[in-house]
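Here's the structure, in structure tokens; my notes come after.
The values are calculated or read from the model by the stated rules, or taken from the named source; none is laboratory data. Bear in mind the structure is a predicted one, so any value in this text is a computation, not a measurement. Quick reminder, even Gly has a Cβ in these numbers, built from the backbone with ideal geometry, and neighbours come from all protein chains shown. Just so you know, the surface numbers come from the protein's heavy atoms only, side chains and all, with ligands and any DNA or RNA stripped out. Shrake-Rupley method; radii C 1.70, N 1.55, O 1.52, S 1.80 Å.
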Amino acid sequence: MEWILAFDNAVLDGVQQYLRTPFGDFVMPLITALGNAGIVWIALCLLLLCFRKTRRAGIAMALSLLVNLVVCNLLLKPLVGRVRPFEANAFTGLLISPPGDPSFPSGHTSASFAAAAALWRYHRKMGAAAFVLAALIAFSRLYLYVHYPSDVLGGAVVGLAAAWAGSLLEKWLSQRRKNVAKM
């Protein structure tokens, strides 16, 4: 387990030493803000729900985000209780307000990957664009020193699993609605 922490810290230190720039210091807080409370994904869900052609994708995204919320924020974060890297390493260069919840898994990353994967299942081009944004949000969490790489990786895995579950739920609901309509 110590090797994971050593790897995590080496990556974070490398990002700070080799990738931190004035432009990054400006843009990364903006990118991470898109993931605050899943706001960009919730807005996209609402937009998709407005159109018949994209409604199933919107439902799948909403269900994926709900599954993710329960698994990531209500179960895993309190269960694991990992201290954030800026606290553990006494990092003083934060560019955003310090998050108050536990570090593992990354909620920004898990919500982003849950939404992107659910969308990709229904609309490949929009899903691909969503994955690019999800990856940028995930990277922003490392850049801003609020998550370890293993938090981000764990968040991506949780998000992908939530998308799978959300898509299954949407398929089940859609089939159920068709069966009721036949009666």
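Okay, here's what the table says:
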read-out	value
Rounded percent of accessible protein surface that carbon and sulfur make up, the chain, 1.4 Å probe	72
Distance in nm between pseudo-label sites at Leu168 and Asn36 (7 Å out along the Cβ direction from Cα)	3.5
Under the Karplus curve 6.51 cos²θ - 1.76 cosθ + 1.60, θ = phi - 60°, whole-Hz ³J(HN,Hα) for segment 141-156, x wherever Gly or Pro sits	5, 6, 4, 7, 6, 9, 9, 7, x, 5, 5, 5, 4, x, x, 5
Whole-Hz ³J(HN,Hα) from phi, Karplus 6.51 cos²θ - 1.76 cosθ + 1.60, for segment 17-25, glycine and proline x	7, 10, 10, 6, 9, x, 5, x, 4
Set of aspartates and glutamates with alpha-carbon distance to Lys178 below 14 Å, sequence-local pairs under 8 removed	Glu170
In segment 1-103, chymotrypsin sites (Phe, Trp or Tyr not before Pro) in a DSSP loop with at most 10 other beta-carbon atoms within 10 Å	Phe51
For the chain: accessible area per residue (Å², 1.4 Å)	55
Rounded FRET efficiency, nearest 0.05, which uses the C-beta distance separating Ala43 from Val83 and R0 of 30 Å	0.45
Cα-projected label distance for Val11 with Leu95, points at 7 Å along beta-carbon direction, nm	1.9
